[in-house]
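Have a look at the structure below, then the notes.
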Protein chains: 6
Amino acid sequence: MINFPKRMTVIAPHPDDEVLGAGGTIARYADEGVEISVLIVSGHLPPIYPPEAFEITRSEAEKSLKILGVSRWEFLKIPATMVHQIPVADLNGKIFNFVRETNPDVVLIPFPDRHIDHRTIFDASVVACRPVNDQAPKIVLAYETLSETHWNVPGIEPSFVPEFFVDISKYMDKKQTALNCYLSQVKSIESRSVDACMALARFRGSQNGCSYAEAFKVVRIVV
Amino acid sequence: MINFPKRMTVIAPHPDDEVLGAGGTIARYADEGVEISVLIVSGHLPPIYPPEAFEITRSEAEKSLKILGVSRWEFLKIPATMVHQIPVADLNGKIFNFVRETNPDVVLIPFPDRHIDHRTIFDASVVACRPVNDQAPKIVLAYETLSETHWNVPGIEPSFVPEFFVDISKYMDKKQTALNCYLSQVKSIESRSVDACMALARFRGSQNGCSYAEAFKVVRIVV
Amino acid sequence: MINFPKRMTVIAPHPDDEVLGAGGTIARYADEGVEISVLIVSGHLPPIYPPEAFEITRSEAEKSLKILGVSRWEFLKIPATMVHQIPVADLNGKIFNFVRETNPDVVLIPFPDRHIDHRTIFDASVVACRPVNDQAPKIVLAYETLSETHWNVPGIEPSFVPEFFVDISKYMDKKQTALNCYLSQVKSIESRSVDACMALARFRGSQNGCSYAEAFKVVRIVV
Amino acid sequence: MINFPKRMTVIAPHPDDEVLGAGGTIARYADEGVEISVLIVSGHLPPIYPPEAFEITRSEAEKSLKILGVSRWEFLKIPATMVHQIPVADLNGKIFNFVRETNPDVVLIPFPDRHIDHRTIFDASVVACRPVNDQAPKIVLAYETLSETHWNVPGIEPSFVPEFFVDISKYMDKKQTALNCYLSQVKSIESRSVDACMALARFRGSQNGCSYAEAFKVVRIVV
Amino acid sequence: MINFPKRMTVIAPHPDDEVLGAGGTIARYADEGVEISVLIVSGHLPPIYPPEAFEITRSEAEKSLKILGVSRWEFLKIPATMVHQIPVADLNGKIFNFVRETNPDVVLIPFPDRHIDHRTIFDASVVACRPVNDQAPKIVLAYETLSETHWNVPGIEPSFVPEFFVDISKYMDKKQTALNCYLSQVKSIESRSVDACMALARFRGSQNGCSYAEAFKVVRIVV
Amino acid sequence: MINFPKRMTVIAPHPDDEVLGAGGTIARYADEGVEISVLIVSGHLPPIYPPEAFEITRSEAEKSLKILGVSRWEFLKIPATMVHQIPVADLNGKIFNFVRETNPDVVLIPFPDRHIDHRTIFDASVVACRPVNDQAPKIVLAYETLSETHWNVPGIEPSFVPEFFVDISKYMDKKQTALNCYLSQVKSIESRSVDACMALARFRGSQNGCSYAEAFKVVRIVV
């Protein structure tokens, strides 16, 4: 129904979101010949974090992205929790440009959740992917980020209830290895640990009859 | 991301629902080599309708299905408005068997709306497509039925808010021709007229940057 | 149940939103003797747009508003995409003052959608219409804006599912003529073209048994 | 915007629902010259209730309906909790016929809630009011029934969140008098007592700046 | 805020639902001195299943219930998929009687999901727990059933989005042992396997900062 | 199921929100020995209000808080309508610190409604209560604020549909007395009058079988 994609672009609020939400999917499609690009919008930067904090996660990220088979990445370097202070047209423009340059068939974006940067970047990403002309991406999906996504308040804020599943059974090892690159992140809180990630992938798999899966909410598919 | 499908199965509550909801999609994919099967569950039958009523719509349906390029169809002949009186296991079983025999990659099912038969058949179809083993269909989509679907009460009953669009710009003619076969149906009420169908397809097209489209709500996609 | 209104006020984020969402309704009620006022909050202004851009749409707007029979209008001239940077109390106050001065029975406001200005102005308009005293407007309705409104993400952002319909069958010509005044806008993107507008109006008509209609989401009606 | 109505029809699942949900509205519009008709679909009948039970509530109902100024009423006499066992086409037909005969501008129907009869009758009433031709009622509103409506489960079943309010400040006395006719009902459970009704009306009034109000969810308004 | 409970009652549609949804919670509270009662409403019975099928699951269930520490249980023995054919007042009455006899502070009921029996029993259970007098249970929670609950269609049917979590870290062993008693059930489909259950419990734990948890949707809590 | 709490913390956007939403609950638990702390985030301050305005409500608040039995309170003194202009990390940090210092078992937070400060503080409060470690509060509930909460637009913004009720029948007097301290607030608009508060409490009581209640939406409960 949908032709096999040639290029996939992932928008990540902070380094590690791309692995948490779509690491297995990235690994699988890279392996199947899809060209993958990742834009990391924000990061641990001053004034809230010391300058070294960003460099640590950047180097962790680069190790992880290589393992997953990502061919291109970029860091916008907007300080964490301050993304919504960037003028809307600027942020939209930066994400739009990355999408236009990488020219993807599929775009993966963060779900708008507990973390304000995720909400801001979700909004900018959906604007950047508006179907206003033929170059607009045909498939746009939102991924979940363990902990933040599941801290939205039921009945008040949107809940992540996925309808699109990618079988990553053969790529769980790679996802785990990539996650383990983020020493500074995945150990910091219990609810984002590697074994919690594996459990989530197993649960998502059980929802659709396979061993491990990553789950997505469909933003728009045009065929 | 998803391989091109080989077989598509459409579950229609009554003759004409398959054209109203997915006529362009059927015509397009039949044309592109997909094998299409249609199951028509209910119909204008006694005790509410005279016996001839069913034969008229059956012959209209067969003309229409041929135009669209459907290769196989079947009528379950359950009287309209009485589908929910069939034992649940029976109805589920009949739909499940049709799905298993036609072995589709994609299943199109009705949206649960104002018409009680649509709700009953939606439910049975989702049960029939549960992802319990490898033969379960990988793509399940719900289509809209002009008038009935848009008479659900906002905020009380589910609203049809689609995220999956099929570009049918080149197949609008076929959809119209197929609709016109249903003389007994499309003329009976203003809100299901051919020009209302065209307007809806144009509106759905405008939502995603193409001329005419059919819109679907994703039940489940597994890749 | 509700007495026929004497005055109607429309809050438009940008010039053309008032026609896209409510052009037929404005034309009809103006024709039936209702006094119509329109507040246009934002516009194509520096720094994002060149100064001429605003003057072009302003002159297009004035031509269009006259055709529809609007008797009073005002431009707040806040630059597009920057409305949310105005202090909340200021924006609320400006909209509140326009509502108080025009003293309407009915207020039409934008639906909060893909465009951030629409969301900000929706919020300010609902605050301005709070039922805190006898002068508060008795009927407040939100209109849809072709393209932007239908780019909200299903299941994550609010969906426009209308329950209030205005029969504009006799006023489609005027709506079209008014739309055509906005040469700079309606041609720029396919999904906001005049024929997409007509298709939407025909679809909304088919939902409630008339030829053409405009659809609204009820914010509040007090009788 | 909407012309003042001539005729209003109320569909009540059981005797007393019409007063609980819309007693003040009925009294007000009867007083203002609107012709009011009430259809009471079900009642306390064998096999669950003894035959006398129905006669008691019928006589209570008639007293109450007269106080409110209702000019016509009818009892369908379907046993309580068994309404969903009536063939769908029969029930729809009976309600449709009452609506067609009374030819209303406004129809008030029950909200689908904890009581299965309310859900069944809501569904049949919406079918009976489909906008398929010019005689279809232009305003259809759903009313709340103290206790049952507020026992729907949040986040699982539809919640009654009204957007249409009728100021009944001058008719609270009549609503109370009418309620007091239902000795057999309003005293039976605490959560449907007369003072709980008054509190609800006061709360609904405070939502929109008047003293007492009845609240409705808009099913459809066409003007 | 809430006093520690003395008695807890669990309503299970079929044998194994009580362990899948609340096995750890039952084990923990039984261990902490709460008296637990379980009502199993339906089962694998003729005409769909052979008579032996029920006896197998009954004996599995009894072994499992003893392991969890349940002190009282009852089988209503209504054939699976046919619960909705029981007269509503009968089914409500049977569940109500069990609740009244066991006199619980807390009632756990199934979430209304893909399985029609779950929906019917959810509805009857909520009716049975209506807060009409002082004996009504103060805490009513709905549990999830792996596979069925997660096959509800997003955006069309209610989604299980829990807000109440029970830490079962110390009782995972018992939950597993109890699950393993159901040889005939947990092996039959991949999506209800023991390791999928463990993964779900780990995911639910990660949502609220503990190792393993069971999750519930609050129906009503009164303190 | 849940042990009786030792400490309860209330986050109030403006002085009087804590009484409107949770005055009876505070009075009851203070009386039962729970240590209550209140953080009042914003207030009537320049530039929108004259400096005296804040002092008036502060002294009203202190009188009211003493009546309710609150043992500790703090004013953050952020000007009303400007809370969203504080850097996100600052606001989150201030609320987080108050929560950590008061170390509560239960936290009561405002529902995100018509008032922009309520939405901003809701968001910051949920972040401050994330279950990232053992000190995170186990029970987080959102309260309603008469008028503001009920001015959210149905179907567009979240609706307050509570599932958690606190019986405050014995504490209505205290709630009323505390409310009456806020001379400057409760008289200013009809929809926030003392008798509207009583009506709401009576209605909430009738929902769950007691005389007067306060209602809450569960954000998260972990036991």
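The values are calculated or read from the model by the stated rules, or taken from the named source; none is laboratory data. Just so you know, these numbers come straight off a predicted model, no measurement behind them. Every residue, glycine among them, receives a Cβ derived from its backbone with ideal geometry; neighbour counts consider all protein chains shown.
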Looking only at residues in the range F:131-155 that are in contact with a helix residue (DSSP H, G or I) (Cβ under 8 Å, 6 or more places away or on another chain) and of a type in the set (A, V, I, L, M, F, W, C), which one is nearest to A:E148 (Cα to Cα)? F:V132
Is it the case that the range C:86-100 has a residue that's polar (S, T, N, Q) and either within 22 Å of C:S159 (Cα to Cα) or out of contact with any helix residue (DSSP H, G or I) (no Cβ under 9 Å at 6 or more places or on another chain) (or both)? no
Consider B:P162 against the criteria (1) within 14 Å of chain A (Cβ to nearest Cβ); (2) under 16 Å from the mean Cα position of the chain (by Cα); (3) surrounded by fewer than 22 Cβ atoms within 10 Å (Cβ to Cβ): it satisfies all of them except one. Which criterion is unmet? (3)
The one condition B:H150 fails out of (1) touching a Pro at 6+ places or on another chain (Cβ under 6 Å); (2) more than 30 Å from B:K6 (Cβ to Cβ) is (1)
The range C:1-13, residues that are crowded, with 24+ Cβ neighbours inside 10 Å and of a type outside the set (A, V, I, L, M): C:T9, C:P13
Would you be able to say whether some residue in the range F:1-20 is among the β-branched types (V, I, T) and either over 16 Å from the mean Cα position of the chain (by Cα) or in a loop (DSSP other than H, G, I, E, B) (or both)? yes
Here are the criteria: (1) within 14 Å of chain A (Cβ to nearest Cβ); (2) within 24 Å of D:R114 (Cα to Cα); (3) out of contact with any Asp or Glu (no Cβ under 9 Å at 6 or more places or on another chain). Tell me which single one B:I109 does not satisfy. (2)
Determine the pairs where a residue that is among the basic types (K, R), located within the range A:53-72, has a partner that is not in a strand (DSSP E or B) with Cβ atoms under 8 Å apart, the partner being 6 or more residues away or on another chain. A:R58/A:P15; A:K63/A:C181; A:R72/A:T102
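Take the range B:117-135 and flag every residue that is within 14 Å of chain A (Cβ to nearest Cβ) and in contact with a strand residue (DSSP E or B) (Cβ under 8 Å, 6 or more places away or on another chain). Working first, answer last.
From the range B:117-135, those within 14 Å of chain A (Cβ to nearest Cβ) are B:126, B:129-135; that's our starting set.
B:V126, B:C129, B:P131 - these are the residues of the range B:117-135 that are within 14 Å of chain A (Cβ to nearest Cβ) and in contact with a strand residue (DSSP E or B) (Cβ under 8 Å, 6 or more places away or on another chain).
Going through B:R114, B:R100 one at a time, which residue ends up being at pLDDT 95 or above, crowded, with 18+ Cβ neighbours inside 10 Å, basic (K, R) and out of contact with any strand residue (DSSP E or B) (no Cβ under 8 Å at 6 or more places or on another chain)? Talk me through it step by step, then tell me what you get.
Numbers: B:R100 fails: crowded, with 18+ Cβ neighbours inside 10 Å.
None of the others qualify; the one that does is B:R114.
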Which of the following residues is surrounded by fewer than 22 Cβ atoms within 10 Å (Cβ to Cβ), of a type in the set (V, I, T) and either at pLDDT 95 or above or more than 30 Å from D:G93 (Cβ to Cβ) (or both): D:V219, D:V194, D:V140, D:V132? D:V194
Any idea how many residues of the range F:128-146 are in contact with an Asp or Glu (Cβ under 9 Å, 6 or more places away or on another chain) and under 30 Å from C:P131 (Cα atoms)? 3
Which numbered condition in (1) at pLDDT 95 or above; (2) within 16 Å of the chain's Cα centre (by Cα) is the only one that D:T57 fails? (1)
Among residues of the range F:32-48, those that are farther than 18 Å from F:T102 by Cα and either in contact with a Gly (Cβ under 8 Å, 6 or more places away or on another chain) or assigned to a strand (DSSP E or B) (or both), counted: 2
Since E:V218 meets every condition but one in (1) more than 8 Å from chain A (Cβ to nearest Cβ); (2) without any contact (Cβ under 8 Å) to a residue 12 or more places away in the chain, which condition does it not meet? (2)
Count of residues meeting criterion [more than 17 Å from D:L141 (Cβ to Cβ), under 19 Å from the mean Cα position of the chain (by Cα) and not β-branched (V, I, T)] in the range D:36-54: 4
